[in-house]
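Trainee: I have a structure here, written as structure tokens, and I will follow up with some questions on it.
The values are calculated or read from the model by the stated rules, or taken from the named source; none is laboratory data. None of these values were measured; they are calculated from a predicted model. Neighbour counts are summed over all protein chains in view; Cβ atoms, including those assigned to glycine, are modelled from backbone coordinates with ideal geometry. For the accessible areas, the whole protein counts, side chains as well, though only heavy atoms, and no ligand, DNA or RNA atoms are used. Shrake-Rupley method; radii C 1.70, N 1.55, O 1.52, S 1.80 Å.
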Amino acid sequence: MSAHLLLILPLIIPFVAAVAALLFARWPTVQKGINIASMGGILAASLGLLSRITEQGIQVTTIGDWPVPFGIVFVVDHLSVVMLIVSAIIGVAVAVYAVPDVDDARVRFGFYPFFNLLMIGINGAFLTGDLFNLYVWFEVMLISSFVLIVLGNTDEQLAGAVKYVVINLVSSLLFLSGVGLVYGMTGTLNMAELSLALSEVGQPGLVTVVAMLFLISFGIKAALFPLFFWLPASYHTPPASVSAFFAGLLTKVGVYALFRVFTLLFTQDVGYTHTLLLWGAGLTMVTGVLGAAVQNDFRRVLSFHIVSQIGYMIMGLALYTPLAILGGVFYIVHHIIVKANLFLVSGVAKRLRGSFRLKSLQGLYAYHPWLATLFIIPAFSLAGFPPLSGFWAKLILTIAGIETGAYWIVAVAVAVGLFTMFSMTKIWVKAFLPGGGGEMADAVSSMGLGTRVMYVPIAGLAALTIMISVFAGPVYDLAERSADELYNSSEYVEAVLNHEESAADAGPRPGVDGRPGRVHAR
Amino acid sequence: METLLALVTGAMVAISVYLLLQRDLVRKIIGVVILSNGIHLLIFAVGRMTRAASPLIPSGEKYPPEVVANPLSQALILTAIVIGFGLLAFSLVLIYRLHESYQSADADVLIEATLGDE
Amino acid sequence: MRFSVILRTAARLLVPLILLFSVFLLLRGHNETGGGFIGGLVAGISFALYAIAYGTAASRESLRARPQRLMAVGLGIAVLSGLLPLFGGGTLLEGIWVKWGGLKVGTPVLFDVGVYLLVIGLTLVIVYELEEHNPGLFPQSVAPE
């Protein structure tokens, strides 16, 4: 298979699936089949890409046969491929889970076309090597997530969605203005070319200002302190499948963008930008975990924990050593799988008991021991119990923190880990153990076929968590390769600029006619 | 000319920040619209203003023969306008539906309503 | 007076004209300003005008296909035109051109046709949905007594 086709498959498959799902708008069953096939196809394509780049290094392709600095390029390095694979895994899990979870009314209103559209946006963001194109994929992702979050039209969903919508609109506009300013300074939008051009801009102060625009914009999308308030206000409102997908992936696309931009583009003033990131990381961890402590709704507790966990990933980026970035990437992989799984568990609990409130869930363990077991695995992994995946992720970050001498962030990270354990224990005690007094759990709720189907992806993700825990080696190696490529961005830059279809003679660029601001060497 | 555009952009951003800080959701959305138009103007300005020809390449040539206006910033703005149009349409319908449900488009009412179930 | 004879008569004349103009715009986009997006919008307007004059039910009937179906087909054509060059070893969305006598036809035209259908579908989904959610929005759609 040609490298070109392989690179665009993660976009083409969901696109075709979205069209097919629209054509079969009135046959929900067909749409469900299409969706599972589509997600499976993306997973297969992503694994194919992984084997391709382990053999041949970073893969680059152009769109529409425009030579490199002009046209849009798609670039796949190890970080991209890791993100593609993990998101496809969540895609498959949620596709199976959605079969019983998403009702026919929602399917008729276009759940599956938009689910695939969301996947296109996410995959596009991971693939692209062009800054403006990244903005476009973010918008594709955003508009489909808007639709998914309000689909069903319950009052609660609408009220949650409006916060999500307004703040994300503002965030996108900040991103857009950042893109505009970067273009004005350098005359290019190709990220590899920008990586070289930005360090030659005559006004380093201006570059730092633009870096802050990107930090705020992606910080909103990633739910970084103090820009996280929209997340716990909206993620608990849609059906469990949607919130699991969002919780696992959407904020992590923001994190991915931060990793990409603050390793490839804005490394001129690491002392300033990455110190700010580190403070953001620490405060994100603490506020998230404290917010979770006062919540009494299954999904709200989990939502606040997304915020706190984002802090760990950004900590890896902010420390900016190969080991720390490795820890950050490992944390992203671990977190996406574990967090999506916890939301899926909460959906089953709701289905069995009709509520997300911890109080009305009590005693689940007695009646549904398997669900309890499947909850324990991701919950303890999230809290960082050895030898589960979260433990390794936190261990790497801790070692990286000690190596750089940033002891305070290590102390914060460890303390937040303890609080996470407290929160998970709280869910365990309140929801799964029989409550002391108060209303006793109702009679055993019957387990329909639908609920049994929902156990499949949960068990699959839990098994995957254990795999990552016990055989952490392969994931560690992948994260290490990603971190190396991120830390030494020259490999990425060379792969793009020396691409076979690169225009050797770039020629004069229209409009930006040799005025100061666009000068850069190739 | 660029200075003028920069000033206009600044004014528009200032207006939009004022509107975004209002409690009324409709005003917030108008703020978003003005912000997005301000940023389109910004992109237009950073593409450099010239009194040059349209960016058309005569057939048979590889590069335009003379200095031409920058087509890239125009393309970027066009894309951003189309995206912004879709998002605006969605937000307006969302607020309309919210108003149907809560009989109000005031952010405070919504916050009260969502806190009620805690 | 719930309906206007003038509007209805004018609509009968205008709708085909506007539709024709939209196709002109679509094809003109090949070399000059125009294209699938603007053509689709104009075509959508013609059906919207018909809906205002004769009601959404009549407009839906004259459209024959459900607008959602139109969107799907349009999106499908656009994807297909992007994928076609791949079979010849090209890259995604690369233009392939065929000379047909003095006429050059290529995948960008096909892409524009896809966009055209998609935009018609999209416009009409919005217009029909608006009217059917708020009956009486187009006063003409209420049958004359």
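Trainee: Of these, C:76, C:55, C:95, C:101, which one is farther than 26 Å from residue A:71 by Cα and open to solvent by less than 50 Å² (accessible area, probe 1.4 Å)? Reasoning before the result, please.
Mentor: Numbers: C:76 fails: farther than 26 Å from residue A:71 by Cα; C:95 fails: farther than 26 Å from residue A:71 by Cα; C:101 fails: open to solvent by less than 50 Å² (accessible area, probe 1.4 Å).
Exactly one of C:76, C:55, C:95, C:101 is farther than 26 Å from residue A:71 by Cα and open to solvent by less than 50 Å² (accessible area, probe 1.4 Å), namely C:55.
Trainee: Do we find a residue being within 10 Å of another protein chain (Cβ to nearest Cβ) and either over 20 Å from the mean Cα position of the chain (by Cα) or under 30 Å from residue B:107 (Cα atoms) (or both) anywhere in region A:201-221?
Mentor: There is no residue in region A:201-221 that is within 10 Å of another protein chain (Cβ to nearest Cβ) and either over 20 Å from the mean Cα position of the chain (by Cα) or under 30 Å from residue B:107 (Cα atoms) (or both).
Trainee: Against the condition touching a residue at least 12 places away in the same chain (Cβ under 8 Å) and either open to solvent by less than 10 Å² (accessible area, probe 1.4 Å) or under 28 Å from residue A:364 (Cα atoms) (or both), how does residue A:226 come out, does it pass? Step through it out loud before you land on a result.
Mentor: Numbers: touching a residue at least 12 places away in the same chain (Cβ under 8 Å): yes; either open to solvent by less than 10 Å² (accessible area, probe 1.4 Å) or under 28 Å from residue A:364 (Cα atoms) (or both): no.
Here the answer is no, as residue A:226 does not meet what is asked.
Trainee: Report yes if some residue within region B:102-117 is assigned to a helix (DSSP H, G or I), more than 10 Å from chain A (Cβ to nearest Cβ), open to solvent by 50 Å² or more (accessible area, probe 1.4 Å) and touching a residue at least 60 places away in the same chain (Cβ under 8 Å); otherwise report no.
Mentor: Among the residues of region B:102-117, at least one is assigned to a helix (DSSP H, G or I), more than 10 Å from chain A (Cβ to nearest Cβ), open to solvent by 50 Å² or more (accessible area, probe 1.4 Å) and touching a residue at least 60 places away in the same chain (Cβ under 8 Å), which makes the answer yes.
Trainee: What's the number of the only condition in (1) part of a helix (DSSP H, G or I); (2) open to solvent by 60 Å² or more (accessible area, probe 1.4 Å) that residue A:434 fails to meet?
Mentor: Failed condition: (1).
Trainee: Could you pull out the residue among B:69, B:11, B:75 that is at the interface with another protein chain (Cβ under 8 Å from one of its Cβ atoms), hydrophobic (A, V, I, L, M, F, W, C) and over 30 Å from residue A:295 (Cβ atoms)?
Mentor: Matching residue, one of B:69, B:11, B:75: B:69.
Trainee: For region A:185-195, give me the residue count where each residue is over 27 Å from the mean Cα position of the chain (by Cα) and either on the phi > 0 side of the Ramachandran plot or open to solvent by 10 Å² or more (accessible area, probe 1.4 Å) (or both).
Mentor: 2
Trainee: Now for a different question. What tally of residues in region A:235-262 results from selecting those that are part of a loop (DSSP other than H, G, I, E, B) and either within 23 Å of residue A:277 (Cβ to Cβ) or open to solvent by less than 10 Å² (accessible area, probe 1.4 Å) (or both)?
Mentor: 2
Trainee: Spot the failing condition for residue A:54; the list is (1) modelled with pLDDT of 90 or more; (2) open to solvent by 10 Å² or more (accessible area, probe 1.4 Å), and only one is missed.
Mentor: So residue A:54 meets the others, but not (1).
Trainee: So, one more: Can you tell me which condition residue A:17 does not meet? The list is (1) open to solvent by less than 20 Å² (accessible area, probe 1.4 Å); (2) outside any helix (DSSP H, G or I), and all the others hold.
Mentor: Among (1) open to solvent by less than 20 Å² (accessible area, probe 1.4 Å); (2) outside any helix (DSSP H, G or I), the lone unmet condition for residue A:17 is (2).
Trainee: Sticking with this one: Output the residues belonging to region A:312-334 that are of a type in the set (Phe, Trp, Tyr) and crowded, with 24+ Cβ neighbours inside 10 Å.
Mentor: Taking region A:312-334 and keeping what is of a type in the set (Phe, Trp, Tyr), we get A:312, A:320, A:330-331.
The answer is A:312, A:330, A:331.
Trainee: Does any residue in region B:47-68 that is on the phi < 0 side of the Ramachandran plot and of a type in the set (Lys, Arg) come within less than 9 Å, Cβ to Cβ, of a residue that is open to solvent by less than 90 Å² (accessible area, probe 1.4 Å) and at pLDDT 75 or above six or more places away or on a different chain, and which pairs are these?
Mentor: The qualifying pairs are B:51/B:69.
Trainee: Being touching a strand residue (DSSP E or B) at 6+ places or on another chain (Cβ under 6 Å), open to solvent by less than 10 Å² (accessible area, probe 1.4 Å) and touching a residue at least 12 places away in the same chain (Cβ under 8 Å), is that true of even one residue in region A:28-45?
Mentor: no
Trainee: Go through region C:11-111 and tell me which helices (runs of 4 or more DSSP H), entirely inside it, have 3 or more residues that are away from chain A (no Cβ under 14 Å), modelled with pLDDT under 90 and more than 26 Å from residue A:114 (Cβ to Cβ).
Mentor: C:36-54, C:56-63
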